[in-house]
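A quick write-up on the structure given underneath.
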Amino acid sequence: MPQDQTRRDTWAQQPADGTLPPAAIQSVPLRRRHLVPLIAALATPALARAQEAVPATIPRTTQHDLESRSGQPFRVFLHIPPGEPPPGGWPMITVLDANAVMGMVVDMVRVLSFLPREAGVRSGAIVAGIGYRTEGPYDLTRRTFDLTPPPGRDIPAEEGRPGARTGGADELLEFIENTLKPLAVRSAPIDPSRHALLGHSFGGLFVLHALFNRPAAFRDYVAGSPAIWWEDNAVLRSENRFITRTDRPSPLRLLMTVGEYEQALAPWHDPAWQPRMEMMKMVDQARDLAGRLRPVPGLELDFQILPGDGHMTAFPAIVQRGVRFILER
């Protein structure tokens with residue numbers, strides 16, 4: 001009898017309960033098309049275990065909950081690059097608003113230092129991010145205090161916005177010098193001549209305040225979209241003192257950027273923003289400051305207007321340009 005007929009007769013003998021007699025089991029050949037669903041069924045429990053979600057992390061980065069001398073709580077993120085440091089130690093980049101961009105800065109350092117000669121950089125870097133104990137990208141109340149120059153003032157609460165204090169920039173500079181930098185030094189060798197500071201918006205304002213008042217604290221300053229207009233241009237009160245001081249360290253390097261659409265309406269902007277943009281004059285203020293700082297001896301200045309960027313899209317742009325600016329020298 002042909003084999004196919006035998007198989008049909010065997011299946012015809014299947015009992016009503018759906019089971020197969022032993023003879024039937026022995027007579028059904030096991031083909032590849034039968035193995036595929038069988039293997040999938042056997043592997044399902046292991047596959048489910050393998051697909052269980054686990055938290056993603058920033059490579060080689062730790063977080064530390066610390067307090068300033070006055071008791072202000074911070075969350076510090078510290079990235080240590082792999083491999084041997086350069087002969088003088090790693091450069092160190094201090095990043096403001098780290099809750100928002102720590103991963104971005106670390107990834108930029110990792111990408112550029114993967115092929116440093118092609119990217120035009122010297123090495124990787126330690127990244128020390130200053131953030132807050134929140135899951136959001138910003139703590140608006142805290143950064144309003146920490147990143148703005150003294151003397152500051154009290155801002156009363158308004159509908160939809162809590163009250164705040166301003167003017168804590170010197171306290172944050174003290175935290176960087178006495179807490180953040182020592183933490184990094186205990187973690188890895190650092191080149192003391194290659195400290196850098198990077199910030200955007202209020203962070204860019206803080207960068208300018210640090211440059212004007214403590215120029216020896218860093219070599220490289222990256223000020224993205226600095227809020228020079230804040231509190232009637234308070235940061236510019238120390239500009240002339242910086243320009244005329246005789247003990248100004250050298251070299252100093254400043255990259256200052258501002259988005260094209262920080263003073264003019266972009267296609268996606270609400271037209272109601274126009275009066276506020278005209279008041280802040282972000283582009284004009286930054287351009288004018290760059291013109292005054294350009295002749296300063298020992299200061300290497302790079303000023304860029306970012307085409308197509310508004311205030312928020314300029315932040316990722318300054319990370320990319322800023323990290324390369326820092327690591328190229």
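For region 61-327, the Kirkwood estimate of the hydrodynamic radius, built from every pair of different alpha carbons, is 18.8 Å.
Amide H contacts under 5 Å for residue 94: 128, 196, 197, 198, restricted to partners 5 or more places along the chain or on a different chain, H placed in the peptide plane at 1.01 Å from N.
For an R0 of 25 angstrom, estimate the FRET efficiency from the Cβ-Cβ distance between residue 250 and residue 305 and round to the nearest 0.05. Don't jump to the answer; show the numbers that get you there.
Values: r = 27 Å, r/R0 = 1.08.
Once the sixth-power term is evaluated, E becomes 0.40.
Using the count of nearby Cβ atoms within 10 Å as a rough guide to exposure, how do 238, 68, 201 rank from fewest to most?
Numbers: 238 15, 68 18, 201 25.
Fewest to most other Cβ atoms nearby, the residues stand as 238, 68, 201.
Using the Cβ-Cβ distance between residue 216 and residue 57 with R0 set to 35 Å, the FRET efficiency works out to roughly 0.50. Extent of region 139-181 along its three principal axes (Cα atoms, max minus min coordinate, largest first): 39, 21, 9 Å. Stretched out straight at 0.36 nm per residue, the stretch from residue 269 to residue 70 would grow longer than its current Cα-Cα span by 67.6 nm.
FYI, it's all coordinate maths here, none of it is from the lab. On a predicted model such as this, the values are computed, not experimentally measured, just so you know. All Cβ positions, glycine included, derive from the backbone under ideal geometry; neighbour counts span all protein chains shown.
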